[in-house]
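The values are calculated or read from the model by the stated rules, or taken from the named source; none is laboratory data. In this text, all values refer to a predicted model and were calculated from it rather than measured experimentally. Quick reminder, even Gly has a Cβ in these numbers, built from the backbone with ideal geometry, and neighbours come from all protein chains shown. Heads up: the accessible areas ignore ligands, DNA and RNA and are worked out on the full protein's heavy atoms, side chains in. Shrake-Rupley method; radii C 1.70, N 1.55, O 1.52, S 1.80 Å.
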Amino acid sequence: MCGIVGYIGNQDVTPILIDGLKRLEYRGYDSSGIAVYDGTDIEVEKYKGRLSVLEDRIKERPIKGSIGIGHTRWATHGEPSDINSHPHSSQNGDIAVVHNGIIENFQLLKEWLMEQGYHFRSDTDTEVVAHLIDHFYQGDLVDALIKAMEKMEGSFALGIISSKEPDKLVAVRKDSPLIVGVGNGENFIASDIPAILNHTRAIYLLDDMEIAVLDRKEVKILDHNKNRIHKEIFRVDWDVASAEKGGYPHFMLKEIFEQPAAIRQTLKSRLMEKSEEIILDQIRITPEDLKNINKINIVACGTAYHAGVVGKYIIEELARIPVEADIASEFRYRDPILDQNSLVIVISQSGETADTLAALREAKKRGARVVAITNVVGSTVSREADDLFYTWAGPEIAVASTKAYTTQLIAMYLIGLKLARIKGEISGERYRQMKEAVGRLSDQVQQVLNNADVIEELALDNKNAEDVFFIGRSLDYAVAMEGSLKLKEISYIHSEAYAAGELKHGTIALIEEGTPVIALATQNRLYDKLLSNIKEVKARGAYVIALAKEGNREVEKTADRVIYIPDTMDEVTPVLSVIPLQLFAYHIAVARGCDVDKPRNLAKSVTVE
């Protein structure tokens, strides 16, 4: 999510910044920009669109200097535009800032700064940082930064330059990655190693609340009291290609392991430990609005549709509102019954999915209110919906969706809880229990990932399967559909998901000796029912891999292998149970020699019908 590059030395800075940003393009972005001190002033060039737009403009109007900062932005506050692009400057232009992360209290800070006489040009949280540092500046950039940090809540990696201190580049991190590169007569900052790997392999890995002060000769690392910190230099021994993937062989695997962070980011500023309320500031449904809503339709495609099926169960159970989950490509052709008392929730990772967008427009034409869940700020879906929920998963490069799906599930939980609270359909005790269970999911996902080796072993044992079946009940059936899709789309193995109670109605005829069956048994109230279904397929010769909660050991008597997930409330198990299924599909695909990140015939964003 977003890219930062900074340089101070004796070379022409602009080519170094542009090259560094190019090496961060894999992260995804919607705009780019640089700020360079030219010997007199800080010159800023920034544009919406691909990095080539910035390159072309700089060729027309070159900027010369030997200190500067650059940024590729993935929008979180304010739609993609030239104005909202980074870097952002102080009011008089003598301070420039690039920022990764989210300043959670930016609105309060913005209002306060406006009272102090500051004017804002953009819709971003980052412009607040530039003005805040300027407000506290009294001759020392580091002192001003420390005072600004005391005011800011949230996550940030910052690169800062000032024309008042032109021989200094300052950086800091909190909950957002930032590194410092050490060169010979030159030094660097970056959000990720590939940006500077062509220039140096000597790296300082900054920890939270550490401030880096760079000049041409040295790098000083300070704590927030300006005490010097002595750190060991980390020497990079891998190449650029592997560094882009963070050392992972594929983007899909990297994104699977990014899920704890993506969940934390999506919960941040919405689920507060010290507050009973769930903050959904871009969903403005009032108690009066909700009284008039008699039905909800959740509309999406592919993986997002599977998240919607989970959402159906959750919203109906918590808020007691009838919900239909629809495949977007079917929804608009079935003449749906919608009016001003309908709420339609559309889900799209890219925000540009053609069928979902068409369903949104059809819903609005019929008078329905539309809530959009999307990962891309400023996307068409986000612009055209009435209400918004951004899943802050960051860019997802692999075609097979993983972290986008789990953050969409988080969106469904928060929306379901919010609606239930507004409607008064949930007790205070149950609300708190579920809120706490959702808050623990990031750490519990990490626990599942810590046992990834077990799943890899199971995948290798089943790599030659021709047919694989997934079974489950209730929420487990919804997750079974997603697990089956993951397997078929990247390994090309025929795979199907079935509601376990339907086995006797024809499906069991497909089971023969050695057929792999993935049985999800994570719902306590349906646990015994699922055990019976496992016995049914075992009696026909199936090889059963079961998923169950820790402590539910009875399944070991029937299944061939069991994967355990941390114990939690039934309602939130989908976030945990899908992780082994993602890893299972990934490792089978790798073992079969498939192109995991770019499976045949598929595109990341389906923008045509």
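Observations on the structure shown:
- For segment 178-239 versus segment 553-590, the spacing of their alpha-carbon centroids is 40 Å.
- Cα gyration tensor category, rounded, prolate or oblate, for segment 11-55 with a/c compared to 1.5: oblate
- Global form of segment 163-231, assessed from the alpha-carbon gyration tensor, a/c cut-off 1.5: oblate
- In this Cβ point-charge picture (+1 for Lys and Arg, -1 for Asp and Glu), segment 2-111 has a dipole of about 280 debye about its Cα centre.
- Those lysines that a straight Cα-Cα span of less than 19 Å connects to residue 59, excepting residues fewer than 8 apart in one chain: 22, 46, 48
- A cut-off under 9 angstrom between Cβ atoms defines the neighbours of residue 33, and their net charge, with Lys, Arg +1 and Asp, Glu -1, is 0.
- For the chain, radius of gyration divided by Kirkwood radius, i.e. Rg to Rh on alpha-carbons: 1.00
- Dipole axis of the chain (+1 Lys, Arg; -1 Asp, Glu on Cβ), positive-most option in 131, 227, 426: 426
- Summed residue charge, Cβ within 14 Å of residue 365's Cβ, Lys/Arg positive, Asp/Glu negative: 0
- Relative contact order (percent, whole number), segment 320-478, Cα cutoff 8 Å, 6+ residue spacing: 14
- When peptides 455-467, 67-79 are ranked by their average number of other Cβ atoms within 10 Å per residue, the highest-first order is 67-79, 455-467.
- Straight-line cross-link reach from residue 435 at under 17 Å between alpha-carbon atoms covers these lysines, not counting any fewer than eight positions away in the same chain: 268, 274, 418, 423.
- About its Cα centre, the dipole of the chain is roughly 540 debye, where the only charges are +1 on Lys and Arg Cβ and -1 on Asp and Glu Cβ.
- Three-way shape label, segment 67-134, alpha-carbon gyration tensor, a/c 1.5: oblate
- Neighbourhood net charge (9 Å Cβ-Cβ; Lys/Arg +1, Asp/Glu -1) for residue 568: -1
- Theoretical ellipticity at 222 nm over the chain - DSSP helices of four or more residues, -39500 (n - 2.57) apiece, nearest 500: -11000 deg cm²/dmol
- Dividing the mean sequence gap of close Cα pairs (under 8 Å, 6+ apart) by how many residues segment 466-535 holds gives a relative contact order of 42 percent.
- Computed accessible area, residue 136, all protein chains, 1.4 angstrom probe, square angstrom: 40
- Structure note, pairs 488/598; 535/557; 463/504; 463/535; 174/220: Cα-Cα distances above 19 angstrom occur for 463/504; 463/535.
- Across the chain, Cα pairs under 8 Å and at least six residues apart give a relative contact order of 11 percent.
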